[in-house]
Amino acid sequence: MKELSNSVCIVGVDESDEVGKQPDVSQLSLHLQASLNAIADAGLKVSDVDGIFTAGQHSPATLGEALGVNPRYVDGTSVGGCSFIIMVGHALLALHHGLCDVALISHGESGRSGTGVTRGRDTSLSGQYEMPYGFGGAPTYFGMITNRHMHEYRTTLEDWAKVAVSTRAWAGLNPKAMFRDPITVQDVLDSRPMFYPFNLLNICLVTDAGGAVVLTRADRAQDCAKKPVYVRGAGEGTDHVLVTEMEELPLSVATRNSGKKAFEMAGVSHGDFDHIMLYDAFTSGPPIMLESLGFCEPGEGCSFFDAGKSDPGGSLPINTNGGGLSYTHSGMYGIFPIIEAVRQQRGECGDRQVPGASLSLVNGMGGMLSAAGTIVLSNQK
């Protein structure tokens, strides 16, 4: 895979017209807004798109019909919120082999308002074999994982709270973020209890939002409207479906495997990154992913959020858009860390811009740490 490094670029990114609470905008409309905005950001036309990648309720065929596109290549990989990060690697392969020339990865979800959403009965393995025994959705699953981490490594409620504080500091610099007011560790600890060890401010937002990413081969990228951002590495992996079957609870085998693949393809190591985007549905997610990726030993991930290290002006900026905790989280969040990493690599982030950013890591989880995708992005070959 090393020979594919830098062969494909991200040339367009954008969100739906607004993110947050949009009861009058359907889920499909969020898709379309984001897709059209990202295509325009790339300086391309809708008719240029011949590869469509998406996950969730709406299939690539539905999105193609709505856009008026008959794609030559489609991908509907759906393994949770990291699906869109994984799709970057899939698009890289499709573009490299000439299966399409312009790839669109799109997400739209009316997670807060439920507008245009089809609800169904839960027939999953978890619905059959875990929920009858007291599991009641993501907070309970991640609560169990987080409790195990606290038992194994003596992490504390204060440690998790620092993640929320750091992320909110970045959100204060993002005009699109839903919550921007500063918070303290004590604010997190005093917020409404939800499911131990989580209080309200330990848990992501629930919003309506869309996001999209446009990719093409590096030779064509030079003719697009914005500075190209190279895909230097990509990796993916899955581990378990049922949390009760996690191989290395509370760490993620899928995250470790996907990171290893992406790092090897990109030819980089942990110390090379100057910007990191991690999926943060819960405050325990980023530290556990840092541990699983090998940035530190198990139990040491929270140290990245100590003493301002991950904050604005810190030595290793993390989740600079405000994350799922404070910026937006529609349900399948993985498209938004990609958008932020691309904007950081282009130098478009205004007050939250990381000075001299040249290498971004994007890592996301799917399901209950069941799947993972990792990509390495750079503004330099």
Picked from region 252-280 (must be among the hydrophobic types (A, V, I, L, M, F, W, C), surrounded by fewer than 24 Cβ atoms within 10 Å (Cβ to Cβ) and under 19 Å from the mean Cα position of the chain (by Cα)), the residue farthest from Val354 (Cα to Cα) is Val253
Filter region 221-246 for residues that are in a helix (DSSP H, G or I) and closer than 30 Å to Ala138 by Cβ and give the result. Val243, Thr244, Glu245
Near pairs, Cβ below 8 angstrom, 6+ apart or cross-chain, from region 46-68 (crowded, with 19+ Cβ neighbours inside 10 Å) to any residue that is among the polar types (S, T, N, Q) and in a strand (DSSP E or B): Ile52/Ser106; Phe53/Ser106; Thr54/Ser106; Pro60/Thr54; Leu63/Thr54; Leu63/Ser106
Would you confirm whether or not region 195-212 contains a residue that is among the polar types (S, T, N, Q), closer than 22 Å to Glu291 by Cβ and part of a helix (DSSP H, G or I)? yes
Matching residues in region 27-45 - criterion: being surrounded by 21 or more Cβ atoms within 10 Å (Cβ to Cβ) and more than 23 Å from the chain's Cα centre (by Cα): Leu44
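Per-residue answers, yes or no, for (1) of a type in the set (A, V, I, L, M); (2) farther than 24 Å from Phe304 by Cβ; (3) not in a loop (DSSP other than H, G, I, E, B):
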position: Ile85; (1), (2), (3): yes, no, yes
position: Ala91; (1), (2), (3): yes, yes, yes
position: Arg112; (1), (2), (3): no, yes, no
position: Gly116; (1), (2), (3): no, yes, no
position: Pro132; (1), (2), (3): no, yes, yes
position: Pro139; (1), (2), (3): no, no, yes
position: Pro175; (1), (2), (3): no, yes, no
position: Ile183; (1), (2), (3): yes, no, no
position: Val188; (1), (2), (3): yes, no, yes
Filtered residue count, region 257-287, keeping only those that are touching a strand residue (DSSP E or B) at 6+ places or on another chain (Cβ under 8 Å) and assigned to a helix (DSSP H, G or I): 13
Scanning for something of a type in the set (Val, Ile, Thr), over 15 Å from Leu215 (Cα atoms) and in a loop (DSSP other than H, G, I, E, B), does region 52-63 turn up at least one residue? no
Only one of Leu325, Leu249, Leu290 is at pLDDT below 95 and either part of a helix (DSSP H, G or I) or over 28 Å from Thr184 (Cα atoms) (or both). Can you tell me which? Leu249
Being touching a Pro at 6+ places or on another chain (Cβ under 9 Å) and among the acidic types (Asp, Glu) is the filter here; which residues of region 265-292 pass it? Asp274, Asp280, Glu291
Going by the conditions given, is Thr167 more than 29 Å from Gly114 (Cα to Cα) and crowded, with 24+ Cβ neighbours inside 10 Å? no
By residue number, the members of region 1-58 that are under 25 Å from Asn174 (Cα atoms) and charged (D, E, K, R) are Asp14, Glu15, Asp17, Glu18, Lys21, Asp24, Asp41
Keeping to region 1-26, report how many residues are in contact with a Ser or Thr (Cβ under 6 Å, 6 or more places away or on another chain) and crowded, with 23+ Cβ neighbours inside 10 Å. 2
When region 290-331 is examined, which residues are found to be of a type in the set (Ser, Thr, Tyr) and within 18 Å of the chain's Cα centre (by Cα)? Ser292, Ser310, Thr320, Ser326, Tyr327, Thr328, Ser330
Those residues that are closer than 16 Å to Ala254 by Cβ and either outside any loop (DSSP other than H, G, I, E, B) or in contact with a Pro (Cβ under 6 Å, 6 or more places away or on another chain) (or both), I need them from region 293-314; list them, please. Leu293
Hey, among the residues in region 180-229 that are polar (S, T, N, Q) and in contact with a helix residue (DSSP H, G or I) (Cβ under 7 Å, 6 or more places away or on another chain), which one's surrounded by the fewest Cβ atoms within 10 Å (Cβ to Cβ)? Thr184
Within region 319-369, take every residue that is of a type in the set (Val, Ile, Thr) and under 21 Å from Lys261 (Cα atoms) and give me the one that is surrounded by the most Cβ atoms within 10 Å (Cβ to Cβ). Ile335
Any idea which of (1) in a helix (DSSP H, G or I); (2) in contact with a helix residue (DSSP H, G or I) (Cβ under 7 Å, 6 or more places away or on another chain); (3) of a type in the set (S, T, N, Q) is the one Asn70 doesn't satisfy? (1)
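The values are calculated or read from the model by the stated rules, or taken from the named source; none is laboratory data. Predicted model, so just to flag it, every value in this text is computed and none were measured. All Cβ positions, glycine included, derive from the backbone under ideal geometry; neighbour counts span all protein chains shown.
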